[in-house]
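Undergrad: There's a structure below that I have some questions on.
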Amino acid sequence: MKKTELTLCILSAIGIILYLLPVPGGSMLTVLALTLLSLLYFFFGFALFNGIRGRDLFKGTAYTGISALKIVGGVGVGMSLSTVIIGILFRVMMWPGGSFMILIGCAPVIIVCIIAWVRASSSNSPFAKRVLARAAVFGGLGVLCFMVSSITIIKVKYRDYPEYVRAVEQVDADPENEALQQKAQEEYDKMQAAEE
């Protein structure tokens with residue numbers, strides 16, 4: 001499962017880069033890779049954090065020496081990371097609700113990071129090290145995505161269309177102005193026509 005996790009992480013990074021460049025298919029790869037990564041943590045986080053291989057999931061001997069607390073902790077951390085990853089997906093794709101999901105997921109992830117750091121430094125626990133590595137990476141990415149504004153993402157993604165970016169900035173400054181909204185929509189339509 002570690003190979004699957006690493007592959008999905010690499011595909012997610014490539015997808016986000018292609019999405020922001022913008023290269024056709026980048027958004028599809030981003031959505032697919034981040035969704036699959038989120039599902040992996042949601043359903044199999046307990047196995048990843050406890051070092052259980054995919055082929056041993058249904059073998060009782062694989063769970064020997066693993067406490068129920070570590071299984072429950074793995075499930076909780078997996079659910080939190082899953083929420084952060086979906087929040088990152090929503091934030092990058094500029095869908096509504098991304099910031100809220102990142103907040104909901106990052107709160108427990110930050111607590112888990114602190115606990116795992118204390119456990120890893122005091123007892124040298126492999127479980128705590130695996131949890132800390134993943135929680136720090138995805139928690140950090142979640143905080144970064146939370147701090148980056150939608151306008152910044154639009155400026156990067158649509159850097160070749162400055163008229164559209166200016167129109168979106170004006171709408172962001174005055175969201176109630178219907179004339180500005182219409183202008184932004186017209187610029188978006190021009191941009192779509194130019195890409196075809």
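Undergrad: Note the full-extension length gain between LEU39 and GLU176 as 0.36 nm times their separation in residues minus their Cα-Cα distance, in nm to one decimal.
TA: Using 0.36 nm per residue and subtracting the Cα-Cα distance, I get 45.5 nm.
Undergrad: In nanometres, what is the gap between the two model label sites at SER150 and VAL72, each 7 Å from Cα along Cα-to-Cβ?
TA: 4.0 nm
Undergrad: Follow-up question, since we're still on this one. Taking the Cα centre of segment 1-99 as the origin and placing charges on Cβ (Lys, Arg +1; Asp, Glu -1), which of GLY25, GLY51, LEU8 is farthest toward the positive end of the dipole?
TA: Sorting the options by dipole projection puts first GLY51.
Undergrad: Can I ask one more? Taking all protein chains in place and a 1.4 Å probe, what share, in percent, of the accessible surface of the chain do carbon and sulfur account for?
TA: Details: 7600 of 11190 Å².
Of all accessible area on the chain, carbon and sulfur atoms account for 68 percent.
Undergrad: If packing is taken as the mean number of other Cβ atoms within 10 Å per residue, what is the order of 171-180, 2-11, 84-93, highest first?
TA: Ranked from most to least packed, the peptides come out as 84-93, 2-11, 171-180.
Undergrad: In addition: To the nearest 20 debye, what is the magnitude of the charge dipole of the chain about its Cα centre, counting +1 on the Cβ of each Lys and Arg and -1 on the Cβ of each Asp and Glu?
TA: Roughly 1620 debye, rounded to the nearest 20.
Undergrad: May I ask which residue of SER121, LEU103, VAL156 lies farthest towards the positive end of the charge dipole of the chain, with charges of +1 (Lys, Arg) and -1 (Asp, Glu) on Cβ and the Cα centre as origin?
TA: SER121
Undergrad: Give the cross-link partners of LYS155 among the lysines, using a straight C-alpha distance below 21 Å as the criterion and excluding same-chain residues fewer than 8 apart.
TA: LYS183, LYS190
Undergrad: Give the peptides 189-195, 43-49 in descending order of average Cβ contacts within 10 Å, highest first.
TA: Those peptides, ordered most packed to least, come out 43-49, 189-195.
Undergrad: Turning to a different aspect of this structure: How much accessible surface does LEU144 have with a 1.4 Å probe, in Å² rounded to 10?
TA: 100 Å²
Undergrad: Below 16 Å, Cα to Cα, which aspartates and glutamates can LYS59 reach? Residues fewer than 8 away in the same chain don't count.
TA: Filter leaves no residues.
Undergrad: May I ask you to derive the FRET efficiency for ALA194 and ALA13 from their Cβ-Cβ distance with R0 = 22 Å, giving the value to the nearest 0.05? Before the final figure, lay out the partial values.
TA: Numbers: r = 28 Å, r/R0 = 1.28.
Between ALA194 and ALA13 the formula returns 0.20.
Undergrad: Also, I was wondering about something else. With +1 on the Cβ of every Lys and Arg and -1 on the Cβ of every Asp and Glu, and nothing else charged, how large is the dipole of segment 91-196 about its Cα centre, in debye rounded to the nearest 20?
TA: My answer is approximately 1160 debye.
Undergrad: For LYS157, which aspartates and glutamates qualify as cross-link partners when the Cα separation must be under 15 Å and same-chain residues fewer than eight apart are set aside?
TA: Within the straight-line limit of under 15 Å, LYS157 reaches these aspartates and glutamates: GLU169, GLU187, GLU195.
Undergrad: With mean projected area of the Cα convex hull in nm² defined as stated, name the option among [x] 12.5; [y] 11.3; [z] 9.7 computed from the structure displayed.
TA: Computed from these coordinates, mean projected area of the Cα convex hull in nm² corresponds to label [x].
Undergrad: How many Å² of accessible area per residue for the chain, probe 1.4 Å?
TA: Details: 11190 Å² over 196 residues.
Computed with neighbouring chains in place, this is 57 Å² per residue.
The values are calculated or read from the model by the stated rules, or taken from the named source; none is laboratory data. This structure is a prediction, so every number in the text was calculated from the model and none was measured. Here the Cβ is made from the backbone with ideal geometry for all residues, glycine too, and neighbour counts use every protein chain on show. Please note that ligands, DNA and RNA were not included when accessible areas were found on the heavy atoms of the full protein model with its side chains. Shrake-Rupley method; radii C 1.70, N 1.55, O 1.52, S 1.80 Å.
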